[in-house]
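The values are calculated or read from the model by the stated rules, or taken from the named source; none is laboratory data. Predicted, not measured: the structure shown is a model, and the values here were computed from it. Please note: Cβ atoms are built from the backbone with ideal geometry, for glycine as well, and neighbour counts cover all protein chains shown.
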Amino acid sequence: MANASKSDLYRELPSIDELLRSPEMAGAIAREGRALVTEAARAVLEHLRQEIARGRLDRPSVDLALAELGRRLKTELHESTHWSLRPVINATGVILHTNLGRAPLARPTIDHIREIAEGYSNLEFDLATGKRGERDIHVDRLFQKLVGSRSAAENRAQPVSTIVVNNNAAAVWLALNTLAAGGEVIVSRGELVEIGGSFRIPDVMAQSNGILREVGTTNRTRIGDYEQAIGPQTRCLLRVHRSNFQITGFTEQPALEDLVALARAREIPLVEDLGSGALIDPPAVGIHGETGVPDSLRTGVDVVTYSGDKLLGGPQAGMLTGRADLIARMRSNSLFRALRVDKLTYAALEATLLAYLRGDPDSVPVLGMMRVSRQEIERRARAIAGELTLHSGIQADLIAGESVVGGGAAPSAVLPTLLVAVTVEPWSADQLLANLRTCQPPVIARVQEGRVVLDLRTVFPEQDAAVVSALRSLADPRA
């Protein structure tokens, strides 16, 4: 019977009426209504018919699918009647997972967002004077304390200011459009990067009306290349952080101090697209070879652009921090209003920055994940593996692995971890991976060497029980 014809397999499928008359559907119909349940049943059965038509299901596979038909229908119904955007458990070990929303926010941050969202706020209202205020002041005051004054080597006081736009690409665009529209921007060929979603630095520059002036080669650019390229049309120098790749081997790149000295000597602004936006010393969280925002400003960079939801650990946003006179010009750009963020983003940024000022960066989830020890991960991994192996259909082993920062930040940084490698009968690794995504909440994992692996570095401890429950439910399709 394993070689049953497609016609025989089609006949094994129940009709929609048969499904709707089953006792387990009565509750769903009472809750959601017959129309929605009928639509979900039709979708599930049509999917099975398509799988049979493509030759992907034999008799045993159909029997297995029928055994879990109720669960599939409930999943389809849930997906069609509930939120599309919903929480998932990130067991991939990628801390800043772009597809999973990058940086999760801390509980105090969420509380502050709720507080501001529930009513009115002083977003652009000066409580002291009773007049209109600026929305930037809510976070600019905090950035000033965190990044400090610029390098004393400048021999002059330079106040620092910060404005916020909706992401770092917008921040780069605003900087270039304000400082270099109609003029040349000098950048190394080795820094003409493409970030996620096919956004390329040359394209951003073209849209800003700046003229790209490439210098050096892909792997080697010297300070002399910048110096020779400076001419009457030069408006700024741009340094771009290689956030999502590395160039190794026969390479050369000017020291940031040399670029600062050249920019100052020629009285040309130096803009650095730092991308990641670390406000603490990166080695403190196990990341080496990265520059923090305070470091760039102390070195003398005029304007630094960076993201809010990467190493800073806050909401999606793009920051421009630097010389107050240049930032004021960007704030006056007629398109700044189109790029600015709303009150909820300011609330999230304010609460995140306050965690840094209070000396508690580990309360920012992404930083806490980076600093959690392998020993703590091992303790939790052993507990989870022990619970899973109590089920006869599950095999769980511990293997050494590496977590990554992700999100286009610190491409060379890896953090040692311990993975839970799981096999669940009767599923293959790819089937198990897909089935985990149908659980409530969905569990997002990865496959390594033919087994599903879970990295608990990116799983919150309070989610451990949900991971165990999801895997146990998949070990018995009739559960």
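Every residue, every condition in (1) under 30 Å from Glu462 (Cα atoms); (2) more than 34 Å from the chain's Cα centre (by Cα); (3) buried (at least 17 other Cβ atoms within 10 Å of the Cβ), yes or no:
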position: Ser15; (1), (2), (3): no, yes, no
position: Leu19; (1), (2), (3): no, yes, yes
position: Arg49; (1), (2), (3): no, yes, no
position: Gly55; (1), (2), (3): no, yes, no
position: Pro60; (1), (2), (3): no, yes, no
position: Asp63; (1), (2), (3): no, yes, no
position: Ser84; (1), (2), (3): yes, no, no
Taking the residues in the range 345-392 that are in contact with a Pro (Cβ under 8 Å, 6 or more places away or on another chain) and surrounded by 23 or more Cβ atoms within 10 Å (Cβ to Cβ) as candidates, determine which candidate is farthest from Lys145 (Cα to Cα).
-> Val366
Considering only the range 369-400, state which residues are more than 25 Å from Ser473 (Cβ to Cβ) and in contact (Cβ under 8 Å) with a residue 40 or more places away in the chain.
-> Met369, Met370, Arg371, Val372, Arg374, Glu378
Name the residue, out of Leu388, Leu415, Leu436, that is touching a strand residue (DSSP E or B) at 6+ places or on another chain (Cβ under 8 Å), under 25 Å from Arg86 (Cα atoms) and outside the structural domain of Asp309 (by TED's automatic domain parsing).
-> Leu436
Could you please find all residues in the range 300-335 being buried (at least 19 other Cβ atoms within 10 Å of the Cβ), over 20 Å from the mean Cα position of the chain (by Cα) and of a type in the set (S, T, N, Q)?
-> Thr321
Which residue, of Val422, Val453, Val443, Val467, is out of contact with any Lys or Arg (no Cβ under 9 Å at 6 or more places or on another chain), surrounded by 18 or more Cβ atoms within 10 Å (Cβ to Cβ) and either under 15 Å from Arg380 (Cα atoms) or at pLDDT 95 or above (or both)?
-> Val467
